[in-house]
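Taking it in order: structure first as structure tokens, then the write-up.
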Amino acid sequence: MPDLILLGAPGAGKGTQAQRLATRFGIPQISTGDMLRAARREGTPLGKRAEEYMNKGQLVPDEVVIGLVEERLKQKDAQAGFILDGFPRTVAQADALGKLLDKLGRKDLRVIDVTVGEAVLMDRLGGRLSCPKCGASFHVRLNPPRAASVCDNCANALVTRPDDQPSAIAQRLAEYAAKTAPLTAYYRDKGLLRTVDGVGDLEVVLGRIVTALS
């Protein structure tokens with residue numbers, strides 16, 4: 001299994017597909033958010049540096065995030081491959097990640113861009129429900145919980161995150177277009193990018209990604 005980066009706008013479903021791919025291939029899904037929380041919880045040197053910024057409501061600098069990525073990629077479970085979900089977000093981060101992968105001797109990288117139209121993204125994000133306890137995600141219409149507004153996994157009350165409100169959704173999509181979308185051109189120029197239609201049944205989309213990887 002190659003190392004994999006999943007790109008896609010908020011609501012494209014890359015997080016869901018990353019989970020499914022991780023289960024299918026037995027490799028870890030690596031989210032920078034999860035890494036930051038774990039490093040903060042464990043009190044590692046980089047975690048303490050990250051916490052200083054997080055406590056002030058500031059973005060964690062790229063060099064700290066890359067350091068955390070390096071620590072994570074050196075762990076045993078990532079040696080057979082990994083899936084990066086939500087990182088890199090900018091071309092500068094992609095450059096830094098490329099240098100890190102070269103340093104670690106990891107030469108087989110693939111990048112999948114999960115594409116979904118804006119109207120569908122707005123519909124998906126606007127109906128999303130999140131569990132603040134375990135992080136599970138549901139949708140009022142597309143993937144409803146078994147009991148209304150209650151998490152299937154831990155029975156905690158589900159919420160609509162502030163960044164899933166309509167005004168925040170528009171802002172997130174605009175920010176993605178400005179900062180993260182240029183990554184598709186960056187990786188296309190390197191011959192690493194494959195584009196996959198993200199609209200359809202979860203299994204169908206998963207199949208498209210697996211086909212693109214082969």
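The values are calculated or read from the model by the stated rules, or taken from the named source; none is laboratory data. Because the structure is a prediction, the values reported are computed rather than measured. Quick reminder, even Gly has a Cβ in these numbers, built from the backbone with ideal geometry, and neighbours come from all protein chains shown. Accessible surface is based on the protein model in full, side chains and every heavy atom, while ligands, DNA and RNA are left aside. Shrake-Rupley method; radii C 1.70, N 1.55, O 1.52, S 1.80 Å.
Some points to look at:
- For the range 9-85, the alpha-carbon coordinates run over 37, 31, 19 Å along the three principal axes, in decreasing order.
- If you wrap the tightest convex hull around every Cα atom of the range 92-131 and split its volume per residue, you get 131 Å³.
- Share of carbon and sulfur in the accessible area of the range 114-166 stands at 54%, probe radius 1.4 Å.
- Amide proton proximity set for D113, modelled H, under 5 Å, gap of 5+: L7, R194, T195, V196
- Equivalent ellipsoid, the chain (semi-axes from 5 times Cα gyration tensor eigenvalues, Å): 26, 22, 18
- Normalised by residue number, the volume inside the convex hull of the Cα atoms of the range 141-204 is 150 Å³ per residue.
- Cβ-derived FRET efficiency at R0 22 Å, E42 paired with R161, nearest 0.05: 0.30
- Cross-link table K107/K133; K48/K103; K74/K190; K56/K107; K99/K133; K133/K190, entries beyond 31 Å C-alpha to C-alpha: K107/K133; K56/K107; K99/K133; K133/K190
- The range 92-167, Rg to Rh (Cα coordinates; Rh as Kirkwood inverse mean 1/r): 1.17
- DSSP bridge pairs, the chain: antiparallel proportion in percent, nearest 5: 30 percent
- Among the DSSP helices (H) of the chain, none spans at least 27 angstrom by Cα along its long axis with an average Kyte-Doolittle hydropathy of 1.0 or more; this is a geometric and hydropathy rule only.
- Protein-only accessible surface order, largest first, of R106, R41 at 1.4 Å: R41, R106
- Annotation: amide H of I30 within the under-5 Å range of I83, L84, D85, sequence separation 5 or more or interchain, hydrogens built in the peptide plane.
- Sulfur and carbon atoms: percent of accessible area, the range 1-110 [1.4 Å]: 48 percent
- Residue with peak Gaussian network fluctuation, the chain [Cα springs, cutoff 10 Å], from V140, V91, V199: V140
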